[in-house]
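Some notes on the structure that comes next.
The values are calculated or read from the model by the stated rules, or taken from the named source; none is laboratory data. What you see is a predicted model, and the numbers here were worked out from it, not measured in a lab. No Cβ is skipped: glycine too gets one built from the backbone with ideal geometry, and neighbour counts run over all protein chains shown.
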Ligand SMILES: [Zn+2]
């Protein structure tokens, strides 16, 4: 598909959720020429002054099939991460984790009042606070589990979601809006989970949305998945957004894994607390996210990303 043809399958970001990026960033994200960008605008890509809508540009790149765009290259990198450790997705893994947050007032920040990120599986060992910045270091262990879903109602709901919905990068302000997801038929991890969560709860199946992060190569990405009680009494995981991405970028094995199994490359977040930074200078709508880097602590036998 050409980029102009791909534009026809991108569901545009609703006007009230738009966030803007400059032209140089749009060109870099799509890895296209200025001429191609003009053709896209002529075909309907939103432009405001010299700015472009961030999520529309990212979804265009993701779906373009060009192999060059930034979103595609990130997915290819993620596919390599999934193959790392010999594609072992369940063994117990130990990681070093670094988290940090930066104050919008930067070095003018008058406060040393920061709260360590609420990650229940992380043991924070060090806190370093400088003007305008806080950093935490610690360790975390993550393990997965192979499982198959028994309840046929869950399989039906899962298949229905994967057939009817597609993955789109989605503004954080839009993902929780289920009515919008039902209408648009696209969403990110949280948006897709919320639709499936509703479907499973409607069937009387105990299900929860688990927020957290996924290790996609160094930097952690915010992620969400579902945990439900299967008919055999076991607690199992459903990861619809990764299953949809697996169809495009990963393997059929990983898509199947997303249906019941849990992976050793995720870190849970405390679902009772906000994902945003708690700090006196961060007020109102100016929300800031914690950022994290994860480094596997490898034993001698384990193969790394570069070795796979
Ligand atoms: Zn501050």
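Observations on the model:
- Being outside the structural domain of residue 188 (by TED's automatic domain parsing) and free of Cβ contacts under 8 Å to residues at least 12 places away in the same chain holds for only one residue in 73, 80, and it is 73.
- If the condition is being part of a strand (DSSP E or B) and within 16 Å of the ligand (Cβ to nearest atom), then region 94-132 contributes 100, 101, 102, 127, 128, 129, 130.
- The single condition among (1) surrounded by fewer than 16 Cβ atoms within 10 Å (Cβ to Cβ); (2) under 22 Å from residue 216 (Cα atoms) that residue 30 does not satisfy is (1).
- Residue in region 176-196 that is surrounded by the most Cβ atoms within 10 Å (Cβ to Cβ), counting only those that are over 30 Å from residue 85 (Cβ atoms) and in contact with a strand residue (DSSP E or B) (Cβ under 8 Å, 6 or more places away or on another chain): 181
- Residues of region 6-27 that are closer than 15 Å to residue 172 by Cβ, surrounded by fewer than 16 Cβ atoms within 10 Å (Cβ to Cβ) and in contact with a strand residue (DSSP E or B) (Cβ under 8 Å, 6 or more places away or on another chain): 19 alone.
- Hits in region 10-31 - residues which are in a loop (DSSP other than H, G, I, E, B) and either on the phi > 0 side of the Ramachandran plot or touching a helix residue (DSSP H, G or I) at 6+ places or on another chain (Cβ under 6 Å) (or both): 10, 11, 12, 13, 19, 31
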